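The values are calculated or read from the model by the stated rules, or taken from the named source; none is laboratory data. Predicted, not measured: the structure shown is a model, and the values here were computed from it. Cβ: placed from backbone, ideal geometry, glycine included. Neighbour counts: every protein chain shown. Calculation scope for accessible area: heavy atoms of the full protein, side chains included, ligands and nucleic acids excluded. Shrake-Rupley method; radii C 1.70, N 1.55, O 1.52, S 1.80 Å.
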Amino acid sequence: MPLKDHPKSGKGQGDKIHCAQPMRIGESICWVKSCSSTNDLAKRLAEEGAEEGEVVVSEEQTKGRGRNGRKWLSIPRKGLYLSIVLRPATLRISLLPLVFGVAVKEALDKALDLHVSLKWPNDILWRGQKLGGILVESSLSGKTIHFVIVGIGLNINHEKEDFPGNLRREATSLKLITGQEIDKACLLQSLWESCRNWYRHFLEGKREKIIEEFQTSSAFPRGSGLDIETDAGPISGIFLGLDADGGLVLETSEGKKSFYSARIKNVRKK
Ligand code: BTN
């Protein structure tokens with residue numbers, strides 16, 4: 001792993017970097033050709049003292065991962081694979097997948113005039129097909145947050161043949177949608193802006209604004225029937241909305257319940 005290229009690599013845990021102003025997302029980027037997962041590399045940098053806002057971007061990942069232990073297809077140069085180091089002072093980090101989902105949506109709106117939808121909690125969809133996803137991982141002890149890593153994966157210049165097996169049907173890329181090769185550098189500029197914007201709203205406690213924006217772009221409306229998989233097994237219910245921490249609220253046979261780490265298996269539109 002070419003960590004030596006990174007200006008902060010090799011520094012001990014005690015080497016704190018002092019800045020007059022907190023760094024903004026995307027202001028300092030560690031570019032690598034290959035790594036197991038940008039989330040792993042960002043975690044290493046965070047453990048070495050990387051500041052809030054530091055980003056890792058890789059051309060490929062050899063062990064890219066998605067939510068629930070799934071593999072994330074990370075073909076060299078075809079996709080965008082990046083992770084952001086955050087050090088939020090609030091414990092309400094269950095909102096972060098939504099914050100960055102909304103940010104990716106805004107960036108695609110602005111850069112490409114493309115209006116994607118968001119499937120709770122972390123999917124970026126185009127007409128039901130998967131275009132990208134967010135993976136939030138955190139390092140906590142008790143009520144102390146050491147750091148949070150927000151991983152963002154987007155399918156950019158994939159052709160149909162690049163997707164193996166079921167993914168050929170289930171996934172899509174910006175190139176397949178627009179018919180054009182996408183300039184990643186332009187898209188990244190738009191992404192940094194939107195990430196800063198929505199993360200600032202998060203830090204300012206504008207939870208309602210974030211939830212409202214997410215719900216406006218939701219892949220399914222309130223009143224839809226959902227079948228979800230939880231740690232306690234499958235549950236079905238009617239989607240009532242999202243709570244203030246970004247939890248999925250369902251009317252179930254046992255009453256109204258919020259879920260934070262479930263997976264949506266099936267949606268029955270109302
Ligand atoms: C999902 O939809 O399940 C989340 C996918 C997240 C993929 C990104 S790619 C960059 C970062 N590194 C990883 O290993 N995963 C995330």
Worksheet item: Which lysines have a Cα less than 23 Å from the Cα of residue 269, not counting those fewer than 8 places away in the same chain?
Response: 105, 119, 130, 256, 257
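Got a number for carbon plus sulfur as a percent of segment 42-124's accessible area, 1.4 Å probe?
Values: 1530 of 3090 Å².
Answer for segment 42-124 is 50 percent, counting heavy atoms of protein chains only.
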Fill in: Estimated translational D of segment 124-170 in µm²/s (Stokes, Kirkwood radius over Cα pairs; 37 °C; 0.692 mPa s)
252 µm²/s
Worksheet item: Each label point is 7 Å from the Cα along the Cα-to-Cβ direction; what then is the distance between the points at residue 34 and residue 224, in nm?
Response: 3.9 nm
Worksheet item: Hey, how much of the P(r) for the chain falls beyond 30 Å, as a percent of Cα pairs?
Response: 28 percent
Worksheet, complete the sentence: Under a Gaussian network model of the chain whose springs join Cα atoms within less than 10 Å, the largest fluctuation of 117, 224, 190 belongs to 224
Discussion item. 5 Å is the cut-off here: which amide hydrogens, built 1.01 Å from N in the peptide plane, fall below it relative to residue 28, excluding neighbours closer than 5 in sequence?
Written reply: 55
Discussion item. Ignoring ligands, DNA and RNA, please state the percent of accessible area on segment 140-270 from carbon and sulfur, probe 1.4 Å.
Written reply: 47 percent
Worksheet item: Within a Cβ distance under 12 Å of residue 207, other residues only, what is the Lys/Arg minus Asp/Glu net charge?
Response: -3
Discussion item. Counting only other residues whose beta carbon sits under 12 Å from that of residue 128, what net charge do I get with K and R as +1, D and E as -1?
Written reply: +3
Fill in: Overall Cα dimensions of segment 69-211, principal axis frame, Å, largest first
46, 31, 25
Worksheet item: For segment 192-270 and segment 61-130, what is the separation of their Cα centres, given in Å?
Response: 15 Å
Practice prompt. With θ set to phi - 60°, apply the Karplus curve 6.51 cos²θ - 1.76 cosθ + 1.60 along segment 45-55 and write out the HN-Hα couplings as whole Hz, x wherever there is a Gly or Pro.
Written response: 5, 5, 5, 8, x, 3, 7, 4, x, 4, 10
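Any idea of the accessible area per residue across segment 146-269, 1.4 Å probe, to the nearest Å²?
On a per-residue basis, segment 146-269 sits at 49 Å².
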Worksheet item: Mean separation of Cα pairs under 8 Å and 6+ residues apart, divided by the residue count of the chain: what relative contact order is that in percent?
Response: 14 percent
